Amino acid sequence: MIHLGLIGYPLGHSLSPKLHNAALHYCDLQGEYSLFPIEPDDLQSLRRLLERVRSREITGLNVTIPHKQNVIPFLDQLSGTAEVTGAVNTIYRHNEILLGGNTDAPGFLVDLNRFLATHLPWRAVPGETRRHRGSFNKNALILGAGGSARAVVYALLKDGWEVTIAARRLEQAQQFVDLFTNYRLQIADLTLLNIELSNITLIVNTTPVGMIPNTDQSPWPENCRFPTHAAIYDLIYNPFETKLVKDARAQGLSAITGRGMLIEQAALAFQLWTGKQVAREIMLSAVGES
């Protein structure tokens, strides 16, 4: 019997049980996927839950806000991506070693590139011919500086993007400069008053602002227009269309939520736990995506 689950708080919005229970059925595996809501400061409950993975009672776990960094002291080893980003979203066991991995970074990049292949982050100027995707300025603005942001920033930097991080707490954003010392990062306040937006071609929201049940909220400043040539990627996947995405589309911009990233990172995590590959269409169908 395979026992899987998700650590985070809150978890009422999560689609992960639907995804992984569909994957278990597709692979003809007996098992279940459960939710383990653990409050941000309850490190004792976090430790006890990870001991259940170590003892083989639980096969593997996903990790989401706010525990992507909290779990690290309780693990034996980190994957390369998890170590560089300092964030874990997948916990699994190899022999007697409890490992922390990060499938968010590769999952995000796969879905982002699929999105940009058909929704280029620029608009043709009258009289000009459209340029090849490779010629646009790869300037990204990241909203938020938590565990999800670390995976996104790492993926973008490795893919050749210039990155600006906008955070409510500037000291939290400064940690990114210390983390990615081989890259040049810019820092801004979430008010966005101290940066030039005209060259931004990609905006990624990594904050929970706009997630169910607070669907009337957006991380974008109310009196600030989006950059004219930007594409918008909101990591939130529930609701299917966030206020940030709605507002961007109302301005004529291409925008999507993070459901595609959810599918990609989940499929990679499932393979780490079970050794089985799952068709993405199976997971898409499970969450109502045609």
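What follows is calculated from the coordinates using simple rules that are stated; it is not laboratory data. Only a predicted model underlies this, so the values are computations on that prediction, with no experimental measurement involved. So basically every Cβ, Gly included, is an ideal-geometry build from the backbone, and we count neighbours across all protein chains shown.
Remarks
- Taking the C-alpha atoms only, the angle from helix 104-118 to the longest principal axis of the chain is near 40 degrees.
- When Rg and Dmax of the Cα atoms in Å is calculated for this entry, the matching label among (i) 18.4, 53; (ii) 19.0, 66; (iii) 19.3, 71 is (ii).
- Partners of Lys276 within straight-line reach, counting lysines whose Cα lies under 22 Å from its Cα and excluding those fewer than 8 residues away in the same chain: Lys18.
- In nm, spacing of pseudo-spin labels at Leu35 and Gln172 (7 Å Cα→C-beta vector): 2.2 nm
- Chymotrypsin sites (Phe, Trp or Tyr not before Pro) within region 52-112, DSSP loop, no more than 16 other Cβ atoms inside 10 Å: none
- Sites Ile282 and Asn95, calculated FRET efficiency, Cβ-Cβ separation with R0 35 Å, nearest 0.05: 0.75
- Nearest 10 degrees, 0 to 90: helix 16-26 Cα axis against the chain principal axis: 60 degrees
- Net length available on complete extension from Asn137 to Glu196 is 19.8 nm, with 0.36 nm assigned per residue and the Cα-Cα distance removed.
- Cα pair distances exceeding 18 angstrom across region 66-123, given as percent: 44 percent
- Given +1 at the Cβ of Lys and Arg, -1 at the Cβ of Asp and Glu and no other charges, the dipole of the chain around its Cα centre is 520 debye to the nearest 20.
- Here's the picture: charge each Lys and Arg Cβ at +1 and each Asp and Glu Cβ at -1 in the chain, and of Leu284, Leu46, Thr181 the one pushed furthest to the positive end of that dipole is Leu284.
- Put a dot 7 Å past the Cα of Asn214, heading toward its Cβ, do the same for Arg249, and the two dots end up 2.3 nm apart.
- Trypsin sites (Lys or Arg not before Pro) restricted to region 153-226 and DSSP loop, no more than 15 other C-beta within 10 Å: Arg168, Arg169, Arg184, Arg225
- Neighbour-limited loop hits for GluC sites (Glu not before Pro), region 201-290 (at most 11 other Cβ within 10 Å; DSSP other than H, G, I, E, B): Glu222
- Computed from Cα atoms alone, the Kirkwood hydrodynamic radius reported for region 105-260 is 15.7 Å.
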